[in-house]
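Coordinate-derived values only; no laboratory data. Please read all numbers here as calculations on a predicted model, not as lab measurements. No Cβ is skipped: glycine too gets one built from the backbone with ideal geometry, and neighbour counts run over all protein chains shown.
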Amino acid sequence: MYLGDPPERRDVPRGGLIHVDAGTALQTANHGAKDLLVYAYGAPPDHGAEVLDSDF
């Protein structure tokens, strides 16, 4: 994952968890050879999310 602005790379191991504070810019990227499964949970839901093209 890339967190913050400017983005800082944080590697998350298989089965790992990462907490992201509300309002933190983030991007998820899979640099591995296998498929990536992500479970994202947030409350309350944010309807203002923006999906950007990958720069990584």
* Structure fact -> Most exposed to least, judged by fewest other Cβ atoms within 10 Å, His19, His31 sort to His19, His31
* May I ask you to evaluate 6.51 cos²θ - 1.76 cosθ + 1.60, the Karplus curve with θ = phi - 60°, for each residue of region 9-25 and list the ³J(HN,Hα) values in order in whole Hz, giving x for glycine and proline? => 6, 10, 7, 10, x, 3, x, x, 10, 9, 9, 10, 5, 4, x, 7, 5
* Residue exposure sequence - Arg14, Arg9 - by fewest surrounding Cβ within 10 Å -> Arg14, Arg9
* If you rank Leu36, Leu3 by fewest surrounding Cβ atoms within 10 Å, what's the result? -> Leu36, Leu3
